[in-house]
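The values are calculated or read from the model by the stated rules, or taken from the named source; none is laboratory data. What you see is a predicted model; the values in this text were computed from it and never measured. FYI the Cβ positions are ideal-geometry reconstructions off the backbone, even for glycines, and counts take in every protein chain you see. These area figures cover heavy atoms from the full protein model, side chains too; ligands, DNA and RNA do not enter into them. Shrake-Rupley method; radii C 1.70, N 1.55, O 1.52, S 1.80 Å.
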Amino acid sequence: MEKTGLLARIVLSADYINLGRKGLAAAGEANEGREIFTKGLLSALETFKEVQSDLDLETLIQLERTFLAEELRHCGSDEAETVASISQAISYFDDALLSLEAVQDAAVYQGAEKTHPHHPKYRIHGMPKDAFHIACISHRTRLKNILRMPGINPIERALYELRAVNMAAAQNAYLEKQKIIRN
């Protein structure tokens, strides 16, 4: 599916998830809320699986960023820590997209290669640990922290697990791009 369609589906999925959560908390609306919540989770799961099969890095990052932006839109005023976490993740993905753009151009990336320290702490398999890697690593950590919470709905758990797997796959694919452009 084209990127615009995937992004539209992920926005709708996030809206269903939010609406379903509200229904779960409302007296007398739990069944309908659960159905809407599940519909949103399944739609998001299907969309993230679809983008995983193509492994178009830009689309994958845009999809994750869009889902986060929707989560942010649904945050309440009393959720300052969540807002800060999601805002930081979105910012990291914005930077990751710039790194992805840079790794497409050998001349640009050769310059970037020279600006990153060569200490192993700042390298991944000998390649610069740039904004793309940082975004994937930090988001995967965020997702895994969420997965540590007890009582997560099995479909929601599958969605978080898939998103974490997608981040690892994206990072590995990006690493291959770095190696190709370096040589």
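Once the Cα-Cα distance is subtracted from the 0.36 nm per residue extended length, the Asp78 to Ser53 segment shows a gain of 5.3 nm.
Most mobile of Ala69, Ala89, Ala30 per a Gaussian network model of the chain (Cα springs, under 10 Å)? Comparing Ala69, Ala89, Ala30 in a Gaussian network model of the chain, the most mobile one is Ala30. Subtracting the Cα-Cα distance of Ala173 and Asp105 from their residue separation scaled by 0.36 nm leaves 22.9 nm. Cross-link pairs exceeding 22 Å in C-alpha to C-alpha distance, out of Lys144/Lys179; Lys49/Lys179; Lys22/Lys49; Lys49/Lys129; Lys3/Lys49; Lys129/Lys177, comprise Lys144/Lys179; Lys49/Lys179; Lys22/Lys49; Lys49/Lys129.
Sequentially through segment 83-95, phi angles give Karplus couplings (6.51, -1.76, 1.60; θ = phi - 60°) of 4, 5, 5, 5, 4, 5, 4, 4, 4, 4, 5, 4, 5 Hz, Gly and Pro residues having no value and appearing as x. Solvent exposure of segment 69-122 amounts to 63 Å² per residue of accessible area, where only protein heavy atoms count and the probe is 1.4 Å.
Using θ = phi - 60° in the Karplus curve 6.51 cos²θ - 1.76 cosθ + 1.60, the 3J(HN,Hα) couplings for segment 97-108 round to 5, 5, 5, 4, 5, 5, 6, 7, 10, 4, 5, 5 Hz; x is entered for Gly and Pro. Compared with the alpha-carbon gap, the fully stretched path from Ala30 to Leu98 is longer by 20.2 nm at 0.36 nm per residue.
Work the Kirkwood hydrodynamic radius out for the chain: mean of 1/r over every pair of different alpha-carbon atoms, inverted, in Å. It is 17.4 Å. Amide H to amide H, with H built 1.01 Å from N, Arg123 comes under 5 Å of Lys129, counting only residues 5 or more places away or on other chains. Applying the criteria of a DSSP loop state and at most 11 other Cβ atoms within 10 Å to the trypsin sites (Lys or Arg not before Pro) of segment 101-183 yields Arg148. I'd like the distance between the alpha-carbon centres of segment 46-101 and segment 127-183, rounded to an integer number of Å. Centre-to-centre distance over Cα atoms comes out at 11 Å.
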